[in-house]
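Accompanying notes for the structure given below.
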Amino acid sequence: MNTNFARSPAAAATSTGTIAGGIAALHALAARLLPPSVQLLAARLGIAAIFFLSGRTKVEGWFTLKDSTIDLFRYEYMLPLIPPEIAAPMATFAEHALPLLLIAGLFTRFAALGLLAMTAVIEIFVYPQAWPAHLSWAALLIPLIAQGGGVLSLDRLVSIWTQRRN
């Protein structure tokens, strides 16, 4: 049985006498400090902040669409299939609602998929030169789509509740 998990990284490295032992101990420590639930929570909060703050620049007060937002969609974003009068409120609503769902961890997969679709539209039609940023957004969203919100989410509580009812 490997007892390095219970020791500090330095003690584990000394006891094994190898760099590999020290690296293994650091991996074990990282696994304890950063379990999947924490990783998914960080991904949810990180990507939610990006989209929510973007949405906040498009409104005044709680949720009054700025006139400049329609102009932004008309003259800068210029989406090919949706008129700016429809695209602006839809996107602004999505930039508020989907991040709030991610923060709560409620309907996580749905919210992450919606934001990934928005990311694809932004990449393809609006700012194709910003692919490094969009790739990092996708890197945060893909695990959320694949794994859901994790243990630290309302999705998990709903799952437990529905299992108990059945």
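Bear in mind that the values in this text are calculations on the coordinates, not laboratory data. Keep in mind the model is a prediction, meaning the values are calculated, not measured. Positions of Cβ are generated from backbone atoms using ideal geometry, with glycine treated the same way; all protein chains shown enter the neighbour counts.
Numerical summary
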{"read-out": "Residue exposure sequence - T119, T57 - by fewest surrounding Cβ within 10 Å", "value": "T57, T119"}
{"read-out": "Backbone HN-Hα couplings from phi across region 67-81 [Karplus 6.51/-1.76/1.60, Hz, Gly and Pro as x]", "value": "4, 5, 5, 4, 4, 4, 6, 6, 9, 10, 6, 6, 5, x, 10"}
{"read-out": "Crossing angle, helix 36-56 versus the chain [Cα axis fit, 0-90 degrees, rounded to tens]", "value": "20 degrees"}
{"read-out": "Residue-by-residue Karplus 3J(HN,Hα) for region 111-117, coefficients 6.51, -1.76, 1.60, Hz, glycine and proline x", "value": "5, 5, 5, x, 5, 5, 5"}
{"read-out": "Rg [Å, one decimal], Dmax [Å, integer] - region 49-166, C-alpha atoms", "value": "16.0, 53"}
{"read-out": "5 angstrom amide H check on L65, placed H, neighbours 5+ away", "value": "E60"}
{"read-out": "Length-normalised contact order of the chain in % [C-alpha pairs under 8 Å, at least 6 apart]", "value": "23 percent"}
{"read-out": "Loop-exposed chymotrypsin sites (Phe, Trp or Tyr not before Pro) per DSSP, neighbour cap 15 Cβ within 10 angstrom, longest uninterrupted part of the chain", "value": "64-166"}
{"read-out": "Ascending count of other beta-carbon atoms within 10 Å, so fewest first, for H27, H134", "value": "H27, H134"}
